[in-house]
Ligand code: D41
């Protein structure tokens, strides 16, 4: 028998808790690979707080509990940086042919280094340029003692108390080989998800939303009340050091960053090393391409000559080192004038206000329209016709109006008002309770909705009818050839030719030559073929193509894989649909409502009659028998006091709704239900439509469960439970296709590599995901292996 160990002293307990909290911070912020759940983290913190409250002598300034600091009195004190915080020279894109022309600032920067040092293709540390706030953190004997903003580079503001609340900043350094004095420079940022969360909360509570993550970071850091800073989640990434005393740093910047990581500082995972001009530009383009997928905003990349000897030799101009360069992305924001505000009607009838703009170049693209999202947003921004506004374009996202420039507003403008009627069909615009969007009530009467519905129906990820573009759909609807998607399938070659002629006449293009006639015939033949080919489809694509509100591709796939047949999808009440993974009450209601509507049912029937074939229909998934039970239905009915335990208790005594209903409250209580829960259940069941809905769900559930083949095993697909990540370009198939096939084999396809990734498929020019996979020892597949797997399983 082992000896019972002596109880730990409070001091030991406190130290143990601090170590565990610091370790959790390191896993989360530095390694990006958390080990414990947020709730467990919070529990550790609460335990520590309690211990420190009972033993005030154990509370130290570097304790993780001190992250919510005390209020600073007055403003912030000034801090003189021990070494000045330098600035960065900027490089912008220019007109010209070829990389050396377009990036001539970069070419010049690199050439100058080569010349001064007499070496060709020097190595650079390459980093994303985080769009936040530069700060300096001072550590003495491994303890965080002071944090300051950059200010003018010489003096900044003492924001120590606020920085303590930032969990990505270590309060004590890890390991023991750190210098006695260490200043770490880096950027305080707000992650996009934290920015979104903050704004969602602000909007809900009528508070002022933040304009962008950068303002979020700057504003939060300069709060006089650290408790407010603590509530707004900030992050930190280190990118350099200032004063260092007591220990030699490694010989290069990249190795120093690695040391900083070891000491507990987060360093952006995108940081790398590149050689020569070509290496720099390759990095610039690689980061530019993934800019929108990064969890934070960046406005360019930074190049730094890697070795310190070379840096010293290069020296400075004014306050900027000659060995570093910020290479900025083209501006994503521009100002222009609002010429009109119009309403656009979407597929589901959503009426979106759109600003028509004086044309302006934003990041290389001419922008003439920008979305205003919804009526509330227009009111919040107070956008008026005639206003000068800032428009923003990020990647492939639709350009949006960010804000108005108030002092450029012309006289005599009026606040914009949402129109009361649909500009396309004249039906009333209505707004459902709790929704931001107004919708046209015209349904498929509204030509705009019909057009959008058709475009969606034919789109690549839906029925995939090649050649049905916007102009063509306009003509189809305007000339009355097509009212519903089903009408597409009764169009003939002659219809198309006739329609094309009418469209050409209308648009003033009348190509009468024989050659034009031949081209038109070829075009029409291709369309007829494409429409014919689209008849062979899958249940998931078909469900997605119908354009049911809230049903994206992934919900459509869920419905198809669990229910197997269209017949089941369209006959299941919301109470059953809601039991499927990732389908909530609102989505379930939307599906039920869609198939209840006569017009929609007729369209679906007409499509099937026209020959649309759902080639992959199958029996309902055997997994359903684990999901569906009367207890589950009761539990999810939302009756106060009827959670999982009580629902199971009830159904073990009263195995049908009939038995449950007819037995009554006294029997439920005898079975073990509390009188309150019984009263709630009674109230619920005496409400006619609730009872009917439960009965309907029960019947539907039995029908569905009986349709599962008797001896079906819950069979696993070859990749069930595995997570894959795709990176780089595949030569034989697109990424979507590879994803679809992997999913068909049961794999989950994720966007980023972590320890939980089972394998990474690396195509041509694979980037940081491949690096990360190698770093974590994740299995890396080449394209051939993927193709072989697909062949082997016939997908
Ligand atoms: O990500 C950044 N914003 C960033 C800023 C970075 N990755 N590296 C930087 N390196 C420097 C030097 C080379 C001077 C140490 C910087 C900055 N400076 C900087 N940030 C604000 C002013 C200067």
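With the convex hull drawn over the C-alpha atoms of the range 749-795, the volume per residue is 79 Å³. I'd like the FRET efficiency for residue 571 and residue 444, computed as 1/(1 + (r/R0)^6) with the beta carbon distance as r and R0 of 22 Å, rounded to 0.05. Efficiency for this residue pair is about 0.50. Extension gain for residue 774 to residue 273 (0.36 nm times residue separation, less C-alpha to C-alpha distance): 178.7 nm. Give me the distance between the Cα centres of the range 283-324 and the range 610-659, rounded to whole Å. A separation of 57 Å, based on Cα centres.
Modelled label positions at residue 19 and residue 102, each set 7 Å beyond Cα in the direction of Cβ, lie 5.4 nm from each other. Could you work out how far helix 514-534 tilts from the main Cα principal axis of the chain, as a 0 to 90 degree angle to the nearest 10? Compared with the principal axis, the helix lies near 90 degrees. For the range 171-318, the equivalent ellipsoid derived from the alpha-carbon gyration tensor has semi-axes of 32, 22, 13 Å in decreasing order.
Placing a label point 7 Å from the Cα of residue 549 along the Cα-to-Cβ direction, no residue of the range 635-652 has its backbone N under 15 Å from that point.
Within the range 415-454, whose backbone N sits under 14 Å from a point 7 Å along Cα→Cβ of residue 356? Backbone N within reach: 423-424.
Considering only beta bridges that DSSP places wholly inside the chain, some 85 percent are antiparallel. Computed across the range 305-361, the Kirkwood radius stands at 16.3 Å (inverse of mean 1/r, all Cα pairs). Structural descriptor for the range 396-515: relative contact order 13 percent, calculated from alpha carbon pairs under 8 angstrom and at least 6 residues apart.
Computed as a quarter of the hull surface, the mean projected area of the alpha carbon convex hull for the range 353-431 stands at 6.3 nm².
Based on the Stokes-Einstein relation at 25 °C and a viscosity of 0.890 mPa s, and on the Kirkwood radius from alpha carbon pairs, the range 282-441 is assigned a translational diffusion coefficient of 131 µm²/s. Per residue, the convex hull spanned by the Cα atoms of the range 649-727 measures out at 194 cubic angstrom.
Relative to the current alpha-carbon distance between residue 417 and residue 506, full extension at 0.36 nm per residue lengthens the span by 28.7 nm.
When 76, 496, 265, 595 are sorted by how many other C-beta atoms sit within 10 angstrom of their C-beta, beginning with the fewest, the order is 595, 76, 496, 265. Of the three principal axes defined by the Cα atoms of the chain, the extents in descending order read 88, 82, 67 Å. With distances taken between every two different alpha-carbon atoms, the range 480-608 has a Kirkwood hydrodynamic radius of 17.0 Å. PRE reach from residue 141 (point 7 Å along Cα→Cβ): which of the range 171-192 fall under 13 Å by backbone N? What the label zone holds, given the 13 Å backbone N cut-off, is 180-181.
Extension gain for residue 626-residue 47 works out to 204.6 nm (0.36 nm per residue, less the C-alpha to C-alpha distance). Here the label points at residue 471 and residue 430, each 7 Å from Cα along the C-beta direction, are separated by 3.8 nm in the simple model. Normalised radius of gyration (Cα atoms, divided by 2.2 N^0.38 Å) for the range 393-498: 1.45. Placing dummy labels 7 Å off each Cα toward the beta-carbon, the span from residue 748 to residue 59 is 4.2 nm.
On a 0 to 90 degree scale, rounded to 10, what angle separates helix 104-117 from the longest Cα axis of the chain? Once rounded, one gets 30 degrees. Helices in the chain, meaning DSSP H runs of at least 4 residues, each add -39500 (n - 2.57). Divided by all residues, the mean residue ellipticity at 222 nm is -12000 deg cm²/dmol. Using 1/(1 + (r/R0)^6) with R0 = 60 angstrom and r between the beta carbons of residue 294 and residue 706, what's the FRET efficiency to the nearest 0.05? For R0 = 60 Å, the calculated efficiency reads 0.75. Each eigenvalue of the Cα gyration tensor of the range 61-139, multiplied by 5 and square-rooted, gives one semi-axis; in descending order these are 41, 16, 13 Å. Rounded to the nearest 0.05, the FRET efficiency derived from the C-beta distance between residue 9 and residue 35 at R0 = 30 Å is 0.70. Using the Kirkwood radius over C-alpha pairs as Rh, can you work out the diffusion coefficient of the range 559-680 via Stokes-Einstein at 25 °C, viscosity 0.890 mPa s, in µm² per second? The estimated diffusion coefficient comes to 149 µm²/s. The alpha carbon convex hull volume per residue for the range 665-795 rounds to 215 Å³.
Computed from Cα atoms, the angle from the helix 675-685 axis to the main principal axis of the chain rounds to 40 degrees.
Every number in this text was worked out from the coordinates using simple rules, so none of it is lab data. Computed from a predicted structure; not experimentally measured. Virtual Cβ from ideal backbone geometry, glycine too; neighbours counted across all protein chains shown.
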